[in-house]
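Step one of this worksheet: look at the structure below.
The values are calculated or read from the model by the stated rules, or taken from the named source; none is laboratory data. Computed from a prediction, not measured in an experiment: that's the story for all the values here. A quick note on method: Cβ atoms are made from the backbone with ideal geometry, for glycine too, and the neighbour counts reach across all protein chains shown. Accessible surface areas use protein heavy atoms only, side chains included; no ligands, DNA or RNA. Shrake-Rupley method; radii C 1.70, N 1.55, O 1.52, S 1.80 Å.
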Amino acid sequence: MSNMEKHLFNLKFAAKELSRSAKIKKAIQKGNMEVARIHAENAIRQKNQAVNFLRMSARVDAVAARVQTAVTMGKVTKSMAGVVKSMDATLKTMNLEKISALMDKFEHQFETLDVQTQQMEDTMSSTTTLTTPQNQVDMLLQEMADEAGLDLNMELPQGQTGSVATSVASAEQDELSQRLARLRDQV
């Protein structure tokens, strides 16, 4: 989805929210609590449905990532089987140079598997933790509570901000880059 499409979706969503809010307020002002209640129930139902769709989307993304990991593992397993067959043939001839080359290749493939697995795990964790800026969520919740005349007591645990998660992801990326450089130097 392009940026323009995202902005259009957000604008339409905001317009619907305002429309629902206006319908509820009008019904309350007219003293028609039954209609106001129906509008409020519909708004809550639709919001819950959107949250459920978002959860389902996250689950599908997680499954897709696991399938990708399985495909990668399958490729590496086939590669390792080929290496083992070559090692068996080489061990029979006892050519130390071939054995050394095959062991290096096996070690290289094993390290590549580690890097790929780590990258996949990092990708999975970063997509679920860094998608929404926490301060914007808090500000929106506070704004809605203020409009409704409610006191919102939000005690957030310290240390769970986007900047810390970003710096952790950055450090892990640096570590992966260093491992990749070492692997390239070995080849």
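Some notes on this structure:
- Scanning segment 37-61 for residues that are touching a residue at least 60 places away in the same chain (Cβ under 8 Å) and open to solvent by 90 Å² or more (accessible area, probe 1.4 Å) yields a single hit, D61.
- Being open to solvent by less than 60 Å² (accessible area, probe 1.4 Å), aliphatic (A, V, I, L, M) and assigned to a helix (DSSP H, G or I) is a property that does not hold for A70.
- Here the condition is being farther than 30 Å from M124 by Cα and within 28 Å of the chain's Cα centre (by Cα); of K92, K16, K98, it holds for K16 alone.
Residue-by-condition table, conditions (1) at pLDDT below 70; (2) touching a Leu at 6+ places or on another chain (Cβ under 7 Å); (3) in a loop (DSSP other than H, G, I, E, B); (4) within 30 Å of K92 (Cβ to Cβ):
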{"residue": "E111", "(1), (2), (3), (4)": "no, yes, no, yes"}
{"residue": "V115", "(1), (2), (3), (4)": "no, yes, no, no"}
{"residue": "P157", "(1), (2), (3), (4)": "yes, no, yes, no"}
{"residue": "E175", "(1), (2), (3), (4)": "no, no, no, no"}
{"residue": "Q178", "(1), (2), (3), (4)": "no, no, no, no"}
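- From D88, D122, D138, residue being at pLDDT below 85, of a type in the set (D, E) and within 25 Å of A14 (Cβ to Cβ): D138
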